[in-house]
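Engineer: Below are the structure tokens for one structure; questions will follow.
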Amino acid sequence: MEDGSTGVLQEIIEGFKPVKFDPKCLDGEFKKIEEKLKDKNPDHWKQREDSIKRLVGLIISHIVGPESFSPFLKKTRTIMIAQIEDLRSSIVRTISGAIVVMCEELQELFFETFEIFLPSLYKQL
């Protein structure tokens, strides 16, 4: 039998969609995503959620690979942790699903840095 929270997480993961994007513009796209995730204005939560979805879309489209994602993750880890600790449940659900997808798609690269997210994820239990 499936746990209710597992079903919700699976639904979120299935909701991520690949995106079409020119890989030559990846640095600019990372910058836009970073800027939106940094925005602490509570009224801009939807833009943060959409940025997380956009990032996952780039990953599942295989536009973002380990070599390009690693520097971005190192640069934005505190911003990503802030999304996990956000008080808006929609943001927390979306970033949690994103972390699952990152683990699946980026494997060893993401596993090496995954531990930085664990304390914040445990707080959400």
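Engineer: Would you mention how many residues in the stretch 88-107 are among the acidic types (Asp, Glu) and either touching a residue at least 40 places away in the same chain (Cβ under 8 Å) or closer than 23 Å to ASP43 by Cβ (or both)?
Structural biologist: Residues meeting the conditions: 1.
Engineer: Looking only at the stretch 99-117, count every residue that is over 10 Å from the mean Cα position of the chain (by Cα) and either at pLDDT 90 or above or assigned to a loop (DSSP other than H, G, I, E, B) (or both) and tell me the total.
Structural biologist: Residues that pass the stated criteria total 4.
Engineer: Let me ask something else. Does HIS62 qualify as being on the phi > 0 side of the Ramachandran plot and at pLDDT 85 or above?
Structural biologist: It is true that HIS62 is on the phi > 0 side of the Ramachandran plot and at pLDDT 85 or above.
Engineer: Would it be correct to say that THR113 is of a type in the set (Val, Ile, Thr), in contact with a Leu (Cβ under 7 Å, 6 or more places away or on another chain) and within 21 Å of ILE13 (Cβ to Cβ)?
Structural biologist: yes
Engineer: Tell me, please, whether a residue that is of a type in the set (A, V, I, L, M, F, W, C), in contact with a Phe, Trp or Tyr (Cβ under 8 Å, 6 or more places away or on another chain) and in contact (Cβ under 8 Å) with a residue 40 or more places away in the chain can be found in the stretch 70-77.
Structural biologist: Yes - at least one qualifying residue is present in the stretch 70-77.
Engineer: For the stretch 53-79, how many residues meet the condition of being touching a Pro at 6+ places or on another chain (Cβ under 9 Å), of a type in the set (Ser, Thr, Tyr) and farther than 15 Å from ALA98 by Cα?
Structural biologist: 1
Engineer: SER96: farther than 15 Å from ILE13 by Cα and either open to solvent by 30 Å² or more (accessible area, probe 1.4 Å) or assigned to a helix (DSSP H, G or I) (or both), yes or no?
Structural biologist: no
Engineer: Since GLN124 meets every condition but one in (1) within 19 Å of VAL8 (Cα to Cα); (2) open to solvent by less than 30 Å² (accessible area, probe 1.4 Å); (3) of a type outside the set (A, V, I, L, M, F, W, C); (4) modelled with pLDDT under 90, which condition does it not meet?
Structural biologist: Failed condition: (2).
The values are calculated or read from the model by the stated rules, or taken from the named source; none is laboratory data. Worth saying up front: this structure is predicted, and the values here are computed from it rather than measured. Counting neighbours? That spans all protein chains shown, and the Cβs are built from the backbone with ideal geometry, glycine included. SASA here: full protein model, heavy atoms, side chains in, ligands and nucleic acids out. Shrake-Rupley method; radii C 1.70, N 1.55, O 1.52, S 1.80 Å.
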